[in-house]
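Bear in mind these aren't lab numbers, they're just calculated from the coordinates by the rules spelled out. In this text the structure is predicted, and so the values were computed from the model without any measurement. Glycine also receives a Cβ, built like all others from the backbone with ideal geometry; neighbour counts cover every protein chain displayed.
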Amino acid sequence: MTAEIINGKEIAAKKRQEIGKEVEKLKEKGVVPGLAVILVGNNDASRTYVRNKQKACQELGMHSVLIEMPEEVSEEELLAKIDELNHASEIHGILVQLPIPKHIDEKKVIESISPSKDVDGFHPVNIGRMMTGQNAFLPCTPYGIMVLLEETGISPAGKHVVVVGRSNIVGKPVGQLMLNHNATVTYCHSKTKDLKQYTKQADIVVSAVGIANFIKADHIKEGAVVIDVGMNRNEAGKLCGDVDFEEVKEKAGYITPVPKGVGPMTITMLMYNTVKSAAESINR
Ligand code: GUN
């Protein structure tokens, strides 16, 4: 079987058009959705991600602010800036680009963002709301994966989903969203013994481990859906996912490529969450 390729770039473009229409409607009501991004230090990858987030805001006619802070900034100064943004009426979303320097307590920073502006969906209040199926900001990459499946006509209901990776940003929440959509979920991670035993049973495999070519054809059941969240560099320095694409695409039913798979959906859902926050601010 040769897999159907899930085109994340195309699906993201369609979603962004819909989001753009929402931005126009909000502008007619006098509200311009605004996102503030805080970048601490000089991590090159973070700088690229932040630039792409700002570009997406501009393309959608949204307001965007970049706050750059030096590597040595104190936790107190960072928290003071977040507090200021929590109270700024033109800002509907606040995002602190991770990772942040080790001398700053990441959990404290995340918890200082108002849950009503936490468009990353990382605040424990939003995580709790997500777990209990309440209105919440959903974390962007997991949410983007759910939209990719929905747009491809794949329902997780009744399926066995195997998540490989247990990060707070991707692995844990994507499993929870799959469960919310009535999947049976298995979490695997670096301490799992005999990973293949689990992945070979999966109707849907989500890999978020950060190791190039980690998932091979013999990990996968014939016809399975394979979602690759990896953003790795291979020996030649080329961007690649966790999945050995050439091998796995001959066995899977559906597969997301890297690039142009999950990646474009992350920023799209960030824009979605910011617009949602702006819309909700009208009724507060
Ligand atoms: N670093 C890597 N991914 C993310 C993300 O989705 N949000 C934030 N804030 N930082 C990140």
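Overview of values
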{"quantity": "Least to most buried among Thr199, Thr186, Thr2 (fewest other Cβ within 10 Å first)", "calculated": "Thr2, Thr186, Thr199"}
{"quantity": "Degrees, to the nearest 10: 171-180 long Cα axis against longest axis of the chain", "calculated": "80 degrees"}
{"quantity": "Per-residue HN-Hα couplings for region 192-200 [Karplus 6.51, -1.76, 1.60; θ = phi - 60°; Hz; x = Gly/Pro]", "calculated": "5, 8, 6, 3, 4, 3, 8, 5, 5"}
{"quantity": "Amide H within-cut-off set for Lys221, under 5 Å, with H built and near neighbours excluded", "calculated": "Ala202"}
{"quantity": "Diffusion constant of region 224-284 at 20 °C, which comes from Stokes-Einstein with the Kirkwood Cα-pair radius and 1.002 mPa s, µm²/s", "calculated": "158 µm²/s"}
{"quantity": "Ranked by how many other beta carbons lie within 10 Å on average, peptides 43-49, 54-60, 206-212, 135-141 from highest", "calculated": "135-141, 206-212, 54-60, 43-49"}
{"quantity": "Set of lysines near Lys108 by C-alpha distance (under 19 Å), chain-local residues within fewer than 8 positions excluded", "calculated": "Lys81, Lys117"}
{"quantity": "Amide proton proximity set for Lys159, modelled H, under 5 Å, gap of 5+", "calculated": "Thr184"}
{"quantity": "Acute angle (nearest 10 degrees) that the helix 8-28 long axis makes with the longest principal axis of the chain, alpha-carbon atoms", "calculated": "20 degrees"}
{"quantity": "Given charges at beta-carbon only (K, R positive; D, E negative), |dipole| of the chain in Debye", "calculated": "540 debye"}
{"quantity": "Karplus 3J(HN,Hα) series, Hz, for region 271-284 with 6.51 cos²θ - 1.76 cosθ + 1.60 (x for Gly, Pro)", "calculated": "5, 4, 5, 5, 5, 4, 5, 5, 5, 5, 5, 5, 8, 8"}
{"quantity": "Hull shadow area, averaged, region 130-260 [alpha-carbon convex hull, nm²]", "calculated": "7.8 nm²"}
{"quantity": "Degrees between helix 140-152 axis and first principal axis of the chain (Cα, 0 to 90, nearest 10)", "calculated": "50 degrees"}
{"quantity": "Total lysine pairs under 14 Å (Cα atoms) in region 125-257, excluding pairs fewer than 8 apart on one chain", "calculated": "11"}
{"quantity": "5 angstrom amide H check on Tyr254, placed H, neighbours 5+ away", "calculated": "Glu4, Val225, Val226"}
